[in-house]
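Since the structure comes first, as structure tokens, the remarks are kept for the end.
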Amino acid sequence: QAGAPAARQHAPIRHALTHRELELHVVSVRLRRGTALPQDGTWFEGAAWRVLALPAPVRKFLEVPR
């Protein structure tokens, strides 16, 4: 789509649960300030995620500088 920001595919994150293996496929997109965000979901800027109760594999991904 013309003018759309480029998505970046990250390496899969593997996380062992008690009886299952979880593999997360993360895609990130950097948006310009003022970009309209979808109304569904919740959006946070920058390091605001640090105060949220996030699952360990999500937190592990966000803690690595990119």
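Overview of values
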{"quantity": "Tally of residues being at pLDDT below 90, within 25 Å of Leu17 (Cβ to Cβ) and loosely packed, with under 10 Cβ neighbours inside 10 Å across segment 28-55", "calculated": "2"}
{"quantity": "Selected residue [over 15 Å from Pro65 (Cα atoms) and not hydroxyl-bearing (Ser, Thr, Tyr)] from His19, His10", "calculated": "His19"}
{"quantity": "Per-region count, segment 31-48, residues in contact with a Pro (Cβ under 9 Å, 6 or more places away or on another chain) and closer than 14 Å to Leu62 by Cα", "calculated": "0"}
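The values are calculated or read from the model by the stated rules, or taken from the named source; none is laboratory data. Computed from a prediction, not measured in an experiment: that's the story for all the values here. Note that we place each Cβ from the backbone using ideal geometry, even for glycine, and neighbour counts take in every protein chain shown.
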